[in-house]
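The values are calculated or read from the model by the stated rules, or taken from the named source; none is laboratory data. These figures come from a predicted structure and were not determined experimentally. No Cβ is skipped: glycine too gets one built from the backbone with ideal geometry, and neighbour counts run over all protein chains shown.
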Amino acid sequence: MELTVLTLSFIFFLLIGVPVAFSIGLSSICTIIAAGLPVAVVFQKMVGGMQVFSFLAIPFFIFAGELMLYGGIADRIVKFANSMVGHVRGGLGMSNVLGCTLFGGVAGSPLADVSAMGSVMIPMMKREGYDADYAVNVTTHAALVGALMPTSHNIIIYTLATAGLAAVSVFDMILGALVPALILTVANLIAAYYVAVKRGYKTHGVFPGWGVVISTFLGALPGLAVIFIILGGILSGVFTATESAATAVFWALLVTIFVYRSLSWENFLKACAKACKTTGVVLLLIGISSAFGYFLALYDVPEKAGAFMQSITSSPWVVFLMINIILFLLGTFLDMAATILICTPIFLPIAMQYGMNPTQFGIMMLINCALGLNTPPVGTTQFVGCAIGEISVGQVMKSILPFYGALTATMLLVTYVPAFSLWLPETMKSVLN
């Protein structure tokens, strides 16, 4: 009875347009009332869910990304990427892929990536004769790599969502995501080049020479260094994940104020305001999802979901495919953080039961959730890209298949080949030990 109330009320609130965070909270209250428990339980779980020291990493990573966004890092990254591949067929599209990947590593947010790189690259590509739908698809899909990069706050959210289910470290997740991020970047480059050749886009200019490549790289290096600082600091044990996030903020301020001198006081205040807003939304989701997760555990939802899947098939391959399909469908109308917080307690135990490593599952979930960011009806990165490109979502969806293919291929490789997400963490552990 209570589980039915929880499910139906959550779906109902979503369908009538209630924001995800409030839908989760209201459905939890409805379930409490149906179960005859004190409503205070919901608020106790919310407060307890947010009072975790490790959560400090989330606002720090978000703030560092916003400082990089408003501090002019994107322009230098674009110049570097364009110097390498801008001269080949579809070169601006490939420059876009590389630029979004590099900036995603700095900002750690697909949405920030689209906002920064899209504002630069989409109008530029349209002026050079590229179709708007191509420019938007290249930008929005390349930006999704940011969800897998070391500065991604979604990695922190996943590790916290696994509490009590499995021992997953930020160290393992950061290292485990690097190879899939590289694979996804290569897949996006292939998709961008394929569509450019198919449409007959012309080449623009000639290779400027390695001197220009090196000079533009050196210009972008201070901003890109945050990736290596975070990785090096965590791997060497100099600081924890939370401390690395604070270090990222310090470095972002240092670079944008004293090195590039591109962060104005007005943009600094904008970065602060945006970071506060995003942090508030994420922490609200975490708190409310803690209450929601309490009911999922109380009514044995993971066990019942696992039993249902076992009644359909006993093949791990099919079970993993079913999990991917469900995550994709949920990701089309849930935000990335909400999907991670709601689905991890349900599907991680099932995946582990069939032999999937928790780190591998986390990378698979991040890619799947990223795919949802580019799929209507929510599709936040896609809507931002379409707004910048001045084109409708419907027009973009007509030519999205090659880019969907790149994401899907990467997701399937991570799902069915554990080495892609586990080799690097295991290798580094053996080296450090």
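Before moving on, here are some points about what is shown:
- The range 124-139, residues that are in contact with an Asp or Glu (Cβ under 9 Å, 6 or more places away or on another chain) and either under 15 Å from V197 (Cα atoms) or in contact (Cβ under 8 Å) with a residue 60 or more places away in the chain (or both): K126, A132, T139
- Exactly one residue out of A74, A40, A21, A35 is without any contact (Cβ under 8 Å) to a residue 24 or more places away in the chain and among the aliphatic types (A, V, I, L, M): that is A40.
- Within the range 102-161, the set of residues being outside any helix (DSSP H, G or I) and closer than 15 Å to A57 by Cα comprises G108, S109, M149, P150, T151, S152.
- Matching residues, the range 354-391, being among the small types (G, A, S), closer than 21 Å to A305 by Cα and either without any contact (Cβ under 8 Å) to a residue 40 or more places away in the chain or outside the structural domain of V138 (by TED's automatic domain parsing) (or both): G355
- Residue within the range 65-84 that is among the hydrophobic types (A, V, I, L, M, F, W, C), in contact with a helix residue (DSSP H, G or I) (Cβ under 9 Å, 6 or more places away or on another chain) and not in a helix (DSSP H, G or I) present: no
- Taking the listed residues S311, S315, S290, the one that is of a type in the set (S, T, Y), assigned by TED's automatic domain parsing to the domain that holds T375 and closer than 22 Å to N357 by Cα is S315, with no other qualifying.
- Matching option when the condition is free of Cβ contacts under 8 Å to residues at least 24 places away in the same chain and surrounded by fewer than 23 Cβ atoms within 10 Å (Cβ to Cβ), among W210, W251: W210
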